[in-house]
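**Q** The structure's right below; bear with me while I get my questions together.
FYI, it's all coordinate maths here, none of it is from the lab. Every value quoted in this text rests on a predicted model; they were computed, and no experiment measured them. All Cβ positions, even for glycine, are placed from backbone atoms using ideal geometry, and neighbour counts span all protein chains on display.
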Amino acid sequence: MLAANLDPVASSIFSMLAIVSLVLAFVMLGSRWLNNYLYAFAAESWVIAALSASVGYYGGYPELYLVAGLTGFFRGLFLPYLVWRIIYRLDVAREIHVFVQPSSTLVLGALCTVFTLTVAYRVGESLGLANTVAVLALTVMLSMKLIGFLMLTVRHEALSQILGLLILENGIFLGAQILVPGMPMLIEIVILFDLLIIVACFGVLVRYLVTHVGSTSSLKLRRLVG
Amino acid sequence: MEAGLLSILISAPLIAAILCITIRSPRVCEAANLIAAGIGFGCAAPLAVISRNGPFFYWSGYVILDMTGSWVLLCSAIVYLLASIYSVGYMRMLGRDEKLWGYYALFEGFALTIFVSTIMNNAGLYWIAIELTTLVSTFLVGFERVAESMEAAWKYIIIVSAGISIALLGTVLFYWAGSFVLGPSYDMTWSALRDAAPRMNQELVILAFLLVLVGYGTKVGLAPMHTWLPDAHSEAPAPISAMLSGALLNGAMLGIVRYLEIADTAGVGSLARNVLAGFGVFSLLVGALFIVRQTGIKRLMAYSSVEHMGVIALGVAFGGILGTVGALYHMLNHSLNKSLMFFGAGNAMRLYGTKRISRIHTFGETFPVSGALWLAGAVAITGAPPFGLFLSEFVILRAGFQQSFAWAAGAMLLLLIVIFVGFLNHFRAMYYERTPRHEATDGGTALSAWCVTPMWLAAAPLLLLGVWWPAEIWEHLVAATRLLGGAP
């Protein structure tokens, strides 16, 4: 278990990067402008790439450098570019349909984080890893999950739903780098490509939504009920 | 031999899809799809028999052919074949010849991803296969390109992707739990996880299992994660609804079965089974409530799928020989029956030009043959004898009372009665109520043989499996259950 016997420098670097990406998730949660989501998402992906590289360096997993490169390129550049293209084509600059104010959403996000900290601490304790970076990794992983779901719930714009889904994935990827750095690379790469296909599919669907429904707000999707 | 069959099974839909994309002639696409489906069934049936001598591993262990997987594969291949035959008739009625190649290419891709998911030996690759089924089928759900179907497609991809990402989190946590036993790098095969399970940390396994259950449960359509299901099933073309319901849901249930096995070995089986039973009962409850008050014909079938996935979940949760065998047998019966029901619903929709139950009337008199088959299917799907579902539900109920799940089995019994009354009441209205005014019929007054034949092909074995549970199938399923570790 890598997290159990790390030297303090590595442990602090990992913690810092994990916390920075959590903060970036909060930035996305608190912002009303789609462009800001996108920048925060790209930055978060770069932080995760840096994390992969540093785990590779301190843990002695050279293949993680490749994963870091791919993460930086695909998640940090290519995915944001794809989403940016969708935003540009749709010409929507900000989230118009907010039904919970960003400030209240931030409070909800904080509550989620506290909850996940409790869960992570308990699991960490039973594994004998209570005072290691593993607890933090698990917390960040789970709370980014909850924050992603929060975004999916309180935002109605199709694009912020896509970004919400991407945060869900980012959280898992981040946690996986610290907790299971030895995970076979095949899986990581396939999941990365899978993500690209998902976003491409979303792009096509969003265009159909505009043509056939006339809106990209999920508030308008209420024909099918019961 | 079995490796050859497996590669033919996988390459048939792949080649057919490539043909559809390159040739694009509607009749060629139909033929290619039919042939691929025929080959699929022709390979899946012997594979299910051969798997008894297995499990077999191919491709350096990434592909597994085991009894449970090949059973689900067989169910999917049957639905694929039936839906392919029905597609010819249904899509001609729809009259979209210019887009037909895209439909068939996606259809074959959908079948391919479902087939692949049943034979994945690696938990991560299984997750990817399930994710791919979503991506391919989204475009099939939205195939008709009207506002309703786009809405259904959007809800489908968002809800299921979010759900399946929970399953990914669970998968990563399972890998983490295994890494304490097997070291930081290992192949995450089902058997590796199961062998390591007794030494895994139980709290972590509980957390991981619950995440996986909720994640794949979304795809299975267990309530309360089922919300995508009625929309997607009702808006997709009828053959796709049959595929979603009869093939895809089983493919995702397979993942839950495999992870439950790991949870059992890790010693947290009783909690896992109770949670699964809770989801099962809740699915039945939601199914019952929405079936009673349903107004849409295909939504009625969709909620019936939620109900039957609940029944299968209960069978798996009860465990033991009876529970698991009942659940596996129920998968086959449900696949046949739900195909029959969706074909009938597709015919009714086309003939009456409506999705609303209240506008369909005197169906049996107007269309005696397909009407009779559909009505027989409706009796069967509510679990009445002499059809296959009666037997499998009965076995699952017995398992419940035997394995001290009396609360769940009692609730299941009660809800099945409610569903029986509610479901058949809608059919009473569609068959025997005489509204004074005849609605205009849209899609012609006669059904082609392509639309009726698959109904016969589904109804006949359903009746047969109800009056006679072949000893070979029973023994096969018992052996599969023993291998799963569901019983001593």
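**Q** With everything on Cα atoms, drop me the angle between helix A:79-90 and the longest principal axis of chain A, reported from 0 to 90° to the nearest 10.
**A** So the helix axis and the longest Cα principal axis differ by about 10 degrees.
**Q** Moving on. Can you tally the net charge around A:I187? Count Lys and Arg as +1, Asp and Glu as -1, for every other residue whose Cβ sits under 11 Å from the Cβ of A:I187.
**A** On the way: positive: none; negative: A:E188, A:D194, B:D187.
For residues surrounding A:I187, the net value is -3.
**Q** Could you go through segment A:7-12 in sequence order and give the Karplus-derived ³J(HN,Hα) for each residue, using 6.51 cos²θ - 1.76 cosθ + 1.60 with θ = phi - 60°, rounded to whole Hz, and x for Gly and Pro?
**A** Values per residue, Gly and Pro as x: 7, x, 4, 4, 4, 5 Hz.
**Q** If you don't mind, another one. Rounded to two decimals, what is the ratio between the C-alpha radius of gyration of chain B and 2.2 N^0.38 Å? Don't skip to the end; give the middle numbers.
**A** Numbers: Rg = 21.2 Å, N = 488, 2.2 N^0.38 = 23.1 Å.
Dividing the Cα Rg of chain B by 2.2 N^0.38 Å gives 0.92.
**Q** Follow-up question, since we're still on this one. Rounded to whole Hz and in sequence order, give me ³J(HN,Hα) for segment A:46-51 from the Karplus expression 6.51 cos²θ - 1.76 cosθ + 1.60, θ = phi - 60°, writing x for Gly and Pro.
**A** 5, 4, 5, 4, 4, 4
**Q** Calculate the mean, over all residues of peptide B:165-172, of how many other protein chain Cβ atoms lie within 10 angstrom of the residue's Cβ. Don't skip to the answer; put the middle values down first.
**A** Numbers: counts 11, 4, 0, 7, 10, 1, 4, 10.
Average neighbour count from other chains, rounded to a whole number: 6.
**Q** Computed FRET efficiency, Cβ-Cβ of A:Y121 and A:V225, R0 41 Å: what is it to the nearest 0.05?
**A** On the way: r = 41 Å, r/R0 = 1.00.
With R0 = 41 Å, the Cβ-Cβ based efficiency is 0.50.
**Q** Here's something else I'd like to know. Taking beta carbons within 10 Å but only from partner chains, what does the mean come to for residues B:186-198? Each step should come with its number before you reach the end.
**A** On the way: counts 3, 3, 4, 0, 0, 0, 0, 0, 0, 0, 0, 0, 0.
That works out to 1 on average.
**Q** Stretch B:R27-B:Q202 to full length: gain in nm at 0.36 nm per residue minus the Cα-Cα span? Don't jump to the answer; show the numbers that get you there.
**A** On the way: separation 175, 0.36 × 175 = 63.00 nm, distance 5.61 nm.
Full-extension gain reported as 57.4 nm.
**Q** Once you average over the residues of B:317-330, how many Cβ atoms of partner chains fall within 10 Å of each Cβ?
**A** Working: counts 0, 0, 0, 0, 0, 0, 0, 0, 0, 0, 0, 0, 0, 0.
Neighbouring Cβ atoms belonging to other protein chains average 0 per residue here.
**Q** Once you have the Cα-Cα distance between B:R398 and B:S270, take 0.36 nm times their residue separation minus that, and quote the gain in nm to one decimal.
**A** Working: separation 128, 0.36 × 128 = 46.08 nm, distance 1.83 nm.
Gain in length upon complete extension: 44.2 nm.
**Q** Along Cα→Cβ, 7 Å out, is where each label goes; now give me the distance between the ones at A:M185 and B:W474 in nm to one decimal.
**A** Here the answer is 5.4 nm between the modelled labels.
**Q** Rounded to the nearest whole Å³, what is the per residue volume of the convex hull around the Cα atoms of segment B:93-148? Display every interim value, and only then the final one.
**A** Working: hull volume 4.5 nm³, N = 56.
Output value, Cα hull per residue: 80 Å³.
**Q** Relative to the longest principal Cα axis of chain A, at what angle does helix A:102-127 sit, 0 to 90 degrees, rounded to 10?
**A** The two axes meet at around 30 degrees.
**Q** Report, in degrees rounded to the nearest 10, the 0 to 90 angle that the Cα long axis of helix A:133-154 makes with the longest principal axis of chain A.
**A** Roughly 10 degrees, rounded to the nearest 10.
**Q** Next question, about the same structure. Just from its helices, what would the mean residue ellipticity at 222 nm be for chain B, if runs of 4 or more DSSP H residues each count -39500 (n - 2.57) and the sum is divided by every residue, rounded to the nearest 500 deg cm²/dmol?
**A** Working: 20 runs with 378 residues, N = 488.
So the calculated ellipticity at 222 nm is -26500 deg cm²/dmol.
**Q** Using 7 Å Cα-to-Cβ label points, what is the B:V146/B:D97 separation (nm, one decimal)?
**A** So the two model labels end up 2.2 nm from each other.
**Q** Eigenvalues of the Cα gyration tensor times 5, then square-rooted: what semi-axes does that give for the protein assembly as shown, in whole angstrom, largest first? Please list the in-between numbers first.
**A** On the way: eigenvalues 333, 176, 112 Å².
Ellipsoid semi-axes (Å, largest first): 41, 30, 24.
**Q** Among residues other than A:I86 whose Cβ falls under 14 Å from its Cβ, what is the net charge (Lys/Arg +1, Asp/Glu -1)? Write out the running numbers ahead of the final one.
**A** On the way: positive: A:R85, A:R89, A:R207; negative: A:D91, A:E157.
So the surrounding residues net to +1.
**Q** Next up: I want the local charge near A:I48. Using Cβ-Cβ distances under 13 Å, sum +1 for each Lys or Arg and -1 for each Asp or Glu among the other residues. Before the final figure, lay out the partial values.
**A** Working: positive: A:R75; negative: A:E44, A:E169, A:E188.
Summing Lys and Arg as +1 and Asp and Glu as -1 gives -2.
**Q** Whats the longest run of chain B with zero trypsin sites (Lys or Arg not before Pro) that are DSSP loop and have at most 16 other Cβ atoms within 10 Å?
**A** B:146-292
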